[in-house]
Amino acid sequence: MNSKFKITWLLVHIALGIIYAFFNQITVILSLIVFLLGLYFAIAKGNHLIPFMQCLIYLVGIEIATRSQNILPHEFAKYGISLLMIIYLLLNSKELNNNKTKWMAIMYFLLLIPSIITGHYELVEKPINVISFTLSGPMSLAVSCAFFSHYTLTITKFLKVISFAIYPIVLSLLYIIINAPNLNEIEWSLSANFESSANMTGPNQISSIFGMGLFFIFLFIYYKFYFIGYRWLDLLFFGLLLFRTIVLFSRGGLVSCILAIIIFFFIDFLSKKQTIYKKMNKIFQIIIFIILSIFLFNTVNDLSGGVLYRRYSGEKGSTKVTGKIDYFSNRQEIIDSEIILFLENPLYGIGPGLGKYYRLIESNFESGASSHTEFTRLLAEHGSFGLMAAIIIIYLSILSIKKNFKTGINIIIPLIILSLSTTFHAGMRLSMVGFIFGLSQITIVNYHKK
């Protein structure tokens, strides 16, 4: 894509973002159009792999905007993306070879089925909804792994694919900028801020998607791909998105993004034989990002009257009274309860989605808190089968790292980190988690190989 095309495409989405701020249903229409486009690319003759993948990742990026409308099913993105990938695989099965990743991904999901049979679903009114909600994330992860493990992309084509995650993020960003109150009028507290997210959807989910977007924009600048077409515009957009991510006061997405960037730079810097000039140039780029990030963080901290620093240092409302620091927003209590549930139900677990109700009944929680950590959820709700499923996730990560060791390891490992770190603060609520982990199973080659 040339610079004019990129700018034109961005301007179209800026216009759509302004419309979205006043006519919220536009994102539902866009999601359906992109889904149908993806279906067309899946069934049409010829090689449409890149535009097909771009449709998939667009649906990942627009999910938070679509969910806020409560028109489409809550898990539309997960099931829609999975359906498209299954159709594409079935129609192109002759071109595909059997590989270990595909079968391991299928086994991962099948291991989660037995606990459905043994679960006590008399505790809930609509067990089918609970099960479909809980298993939609693992299902999308399994299908994404099976799909992407078959394909090889150059770095340039990979960047073209992920660029389509940013356009729907522009919609969400504009919605928040237009509808959120003036930052000077917000009453800042030691928790995620719904006002600064314009109540679009949960700040934690927005933070996760924005964090993904920040990492992708970092890759564009680093590889001189330039999402908007010019370096300075990409840096400006990165700064704006980073600023709005910080003011959400939701730490998870930002921390996951920072981890991915640090690991990318560390691996890229050490794994390639480069001249001193090139290494110094990359160090200079990182210094620019660090200075920009520190400046924006301090700016938001000043706006909040110092509350941001306290938030990231683990303070909460009761800290002054109890003296306790909490870096996990009460998630530690949920983790502890899930470990207890696993020890009490070590074979099959309690059943997918039932952890919330067990906590409400047995653990004396004030409300039925949903799990935010996928690995302990697997233990509590699926028992030993969940433990085996978690081991498969680790094994799939190792498989992908090994096959990308020579060329794509600097991108693959950060993708794995971005996905798995998100499961520690947002579970698998977003299609982004399973999709990005699946994307990490792709094979990436350098510019010169076909």
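The values are calculated or read from the model by the stated rules, or taken from the named source; none is laboratory data. Everything numeric here is computed off the predicted structure, so don't read it as measured data. Don't worry about glycine lacking a Cβ; one is built from the backbone with ideal geometry, like all the others, and counts go over all protein chains shown.
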For Ile128, work out the one condition from (1) closer than 22 Å to Ser397 by Cβ; (2) among the aliphatic types (A, V, I, L, M); (3) surrounded by fewer than 19 Cβ atoms within 10 Å (Cβ to Cβ) it doesn't fulfil.
(1)
Quick check on the stretch 424-450: of everything there that is among the polar types (S, T, N, Q) and crowded, with 24+ Cβ neighbours inside 10 Å, which residue is nearest to Pro352 (Cα to Cα)?
Ser431
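From the residues in the stretch 210-237 that are among the aliphatic types (A, V, I, L, M) and under 20 Å from Ile262 (Cβ atoms), which one is surrounded by the most Cβ atoms within 10 Å (Cβ to Cβ)? Spell out the reasoning first.
Restricting attention to the stretch 210-237, the residues satisfying the condition of being among the aliphatic types (A, V, I, L, M) are 212, 214, 217, 219, 221, 228, 233, 235-236.
From the residues that got through so far, the ones that are under 20 Å from Ile262 (Cβ atoms) too are 212, 214, 217, 219, 221, 235.
Details: Met212: 30, Leu214: 26, Ile217: 27, Leu219: 22, Ile221: 18, Leu235: 17.
Selected residue: Met212.
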Just for the stretch 40-54: of the residues that are over 24 Å from Phe216 (Cβ atoms) and either of a type in the set (Ser, Thr, Tyr) or in contact (Cβ under 8 Å) with a residue 12 or more places away in the chain (or both), which one is surrounded by the fewest Cβ atoms within 10 Å (Cβ to Cβ)?
Ile43
Got a number for residues in the stretch 281-299 being surrounded by 12 or more Cβ atoms within 10 Å (Cβ to Cβ), within 24 Å of the chain's Cα centre (by Cα) and of a type in the set (Val, Ile, Thr)?
1
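To keep it simple, each residue is scored yes or no on (1) polar (S, T, N, Q); (2) within 18 Å of Leu236 (Cα to Cα); (3) touching a strand residue (DSSP E or B) at 6+ places or on another chain (Cβ under 8 Å); (4) surrounded by fewer than 21 Cβ atoms within 10 Å (Cβ to Cβ).
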position	(1), (2), (3), (4)
Pro168	no, yes, no, no
Leu183	no, no, no, yes
Glu187	no, no, no, yes
Ser191	yes, no, no, yes
Glu195	no, no, no, yes
Ala198	no, no, no, yes
Gly202	no, no, no, yes
Gln205	yes, no, no, no
Ser208	yes, no, no, no
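Is it the case that the stretch 244-260 has a residue that's more than 25 Å from Arg331 (Cα to Cα) and either of a type in the set (A, V, I, L, M) or within 21 Å of the chain's Cα centre (by Cα) (or both)? First the steps, then the outcome.
Looking only at the stretch 244-260, we keep the residues that are more than 25 Å from Arg331 (Cα to Cα), and these are none.
Within the stretch 244-260, not a single residue is more than 25 Å from Arg331 (Cα to Cα) and either of a type in the set (A, V, I, L, M) or within 21 Å of the chain's Cα centre (by Cα) (or both).
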Index of the failed condition, Ile409 passing every other in (1) closer than 24 Å to Ile81 by Cβ; (2) modelled with pLDDT under 95; (3) among the aliphatic types (A, V, I, L, M):
(1)
Sort out which residues of the stretch 61-86 are among the hydrophobic types (A, V, I, L, M, F, W, C), over 18 Å from Phe109 (Cβ atoms) and surrounded by fewer than 22 Cβ atoms within 10 Å (Cβ to Cβ), and write them in order of number.
Ile71, Leu72, Phe76
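Quick check on this structure: which one of Ile33, Ile57, Ile14 is over 20 Å from the mean Cα position of the chain (by Cα), touching a residue at least 40 places away in the same chain (Cβ under 8 Å) and part of a helix (DSSP H, G or I)?
Only one candidate qualifies: Ile14.
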Answer with yes or no whether Leu387 is at pLDDT 95 or above and over 14 Å from Ile116 (Cα atoms).
yes
Checking the condition hydrophobic (A, V, I, L, M, F, W, C), surrounded by 19 or more Cβ atoms within 10 Å (Cβ to Cβ) and touching a Phe, Trp or Tyr at 6+ places or on another chain (Cβ under 7 Å), which residue from Ala146, Ala142 passes?
Ala142
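Scan the stretch 1-11 for residues that are touching a residue at least 24 places away in the same chain (Cβ under 8 Å) and either in a helix (DSSP H, G or I) or surrounded by fewer than 12 Cβ atoms within 10 Å (Cβ to Cβ) (or both) and report the count. Steps first, please.
Here is the first cut: in the stretch 1-11, the ones touching a residue at least 24 places away in the same chain (Cβ under 8 Å) are 1-4, 6-7, 9-10.
Going one step further and asking which of them are either in a helix (DSSP H, G or I) or surrounded by fewer than 12 Cβ atoms within 10 Å (Cβ to Cβ) (or both), we end up with 2-4, 6-7, 9-10.
Adding up the residues that qualify gives 7.
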When the stretch 60-90 is checked residue by residue, the ones that are assigned to a helix (DSSP H, G or I) and more than 16 Å from Ala146 (Cβ to Cβ) are Val60, Gly61, Ile62, Glu63, Ile64, Ala65, Thr66, Arg67, Phe76, Ala77, Gly80
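I'd like to check which helices (runs of 4 or more DSSP H) are fully inside the stretch 110-183 and have at least 1 residues that are modelled with pLDDT of 90 or more and of a type in the set (Lys, Arg). Spell out the reasoning first.
Numbers: elements: 114-118, 127-148, 155-162, 166-179.
Because the criterion is at least 1 residues that are modelled with pLDDT of 90 or more and of a type in the set (Lys, Arg), the helices (runs of 4 or more DSSP H) in the stretch 110-183 that meet it are 155-162.
Consider Ile117 carefully, then state whether it is touching a Lys or Arg at 6+ places or on another chain (Cβ under 8 Å) and of a type in the set (Val, Ile, Thr). Let's see the steps before the verdict.
Numbers: touching a Lys or Arg at 6+ places or on another chain (Cβ under 8 Å): no; of a type in the set (Val, Ile, Thr): yes.
So Ile117 does not fit the description; no.
A quick yes/no check of all residues on (1) modelled with pLDDT under 90; (2) aliphatic (A, V, I, L, M):
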residue	(1), (2)
Phe249	no, no
Cys257	no, no
Ile267	no, yes
Lys272	yes, no
Lys279	yes, no
